[in-house]
Amino acid sequence: MKTRTIGHLDVSAVGLGAMGLSQGYGSGVSAEEATGLIRKAFDLGCTFFDTAEGYAAGANEELVGPALAPIRDQVVLATKFYLGGPLSPAELGKQIREKIDASLTRLRTDHVDLYYQHRVPDSIPVEDVAGVMGELIAEGKILGWGQSQATEEQIRRAHAVTPLTAIQSEYSLMERMFERDVIPACEELGIGFVAFSPLATGFLSGRITAEDTYPGADVRRVITRFDKDNIRANQPLLDLLTEFGREKNATPAQVSMAWMLHKKDFVVPIPGSRRIERVEENLGAADVELTAEEFARIETALAGIEIHGNRTDEDIAKLLIKE
Ligand SMILES: NC(=O)c1ccc[n+]([C@@H]2O[C@H](COP(=O)([O-])OP(=O)(O)OC[C@H]3O[C@@H](n4cnc5c(N)ncnc54)[C@H](OP(=O)(O)O)[C@@H]3O)[C@@H](O)[C@H]2O)c1
C-alpha cells in the first residue's frame, strides 16, 4: 500500500471510514464482524482509521478501539468531537476535555492521532477551540487536530493559533465544492485533506439502482442524490467510470478514488463499507494510477456532465423527524 503525508502524519493512501459499521447505511455489524473487517483492512495495508464520538453515540468508537488495540502503535487513529455553541472559553475547555477523555476510554488508548472538530459553528470562535487543541497536543492526548466541513476562513484563523493537521470534508466526483477554496488553502498551508464519502455515499460504486429502497435510519432515504430521478439522471457519470474502468481493469469505485489521488498528493479518501470484499476493492484504488493524459480526459468529460442531487446535513437531519 502506498502512503501519503497529511500534515505531520504518514497514512495509507486510502483509509477506512468506520461509521457505516454502526450507523448511516442500514443496520450495523457485530463487534466480531467489525473486528474481522478492521484487521483485514490492516492486513491489506490500511493504516488510517476514522471514527467519531457521534457515530451511534460512542458505540462506533467502542467497535474500533478494541479492534485496533493489538495494532494500535502501527495505525493512525482519527476521531471527532461535536460542540454546540455558544460556550464561554471555560465551558469550552471543560467540554472538550470531557469529550477527549470519554473517547480515549471507548477507544482503549491513551492518545488519538488526529482529533477533528466535527462541525465548525460560527457561534464558537475557532481560535478558542484551536487554543484547547494546542493544550491537548502539549499534554500528549492528541498528536494533531483537524476540522470537518470548515470554510477557508475558519481554516486560516484556526491554523494561525494551532497548526491544523488535516481537514476532513465531503469530496468526490459528485461533490467538488471544496476545490474552489479549501483544497487550495490546504495546499498552501501544508494541511492534509481527508475526503469523506469519497464514493458519494456509495453511488460511485455503480451498484446503486433506482429500484433500491432504504428503510429506517438510512441516509440514502433522505439525501437527494438518491432520488430515483437523480439516480437515472446521473447515469452518464457512471458510464464514464465504467468505460475508464474497462481500460484500467478497475472498478468504478477505484477509478473515482484514483481520480482524487491523482489530483493532489495530500488528498486521502476514507471510504466505508461493511463488507470485506468491498473494503479490499476500495483499498485497491491506491494501485490504480492514472496517466496525465487519462486524468485530463476524465476532467474534460466531467466538465460536460451535470451532477444531480447531493448530500447535506439538513437533509440528513430529516431522518430524525421522519422516524
Ligand atoms: N466528517 C463527517 O462529517 C463525515 C460524514 C460522513 C462520513 N464520514 C466518514 O467518511 C467515511 C466514508 O463516508 P461514507 O461512508 O459516508 O461514504 P462512502 O464511503 O462514499 O460510501 C459508503 C457507502 O457505499 C457503500 N460502498 C462502499 N464501498 C462500496 C463498493 N466497493 N461497492 C459497493 N458499495 C460500496 C457502503 O455500503 P456497504 O457498507 O453495504 O458496503 C455504504 O453504503 C465514513 O465511514 C466516516 O468515517 C465523515
Subset of segment 132-153 [at positive phi and within 16 Å of the ligand (Cβ to nearest atom)]
Gln149
Restricting segment 144-197 to residues that are among the basic types (Lys, Arg) and touching a helix residue (DSSP H, G or I) at 6+ places or on another chain (Cβ under 7 Å), which is nearest to Val267 (Cα to Cα)?
Arg156
Testing Arg156 on (1) more than 12 Å from the ligand (Cβ to nearest atom); (2) under 24 Å from Glu299 (Cβ atoms), one condition comes back false. Which one is that?
(2)
Count, please, the residues in segment 80-129 that happen to be closer than 11 Å to Ala52 by Cβ and hydroxyl-bearing (Ser, Thr, Tyr).
4
Go through (1) within 15 Å of Gln154 (Cβ to Cβ); (2) surrounded by 14 or more Cβ atoms within 10 Å (Cβ to Cβ) and name the single condition Ser123 misses.
(2)
Looking across segment 244-254 at residues that are touching a residue at least 40 places away in the same chain (Cβ under 8 Å) and hydrophobic (A, V, I, L, M, F, W, C), the single one that is nearest to Leu173 (Cα to Cα) is Ala253
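None of the figures in this text is laboratory data; all of them are computed from the coordinates on show. As the structure is a computational prediction, the values presented were derived from the model and not from experiment. Counting neighbours? That spans all protein chains shown, and the Cβs are built from the backbone with ideal geometry, glycine included.
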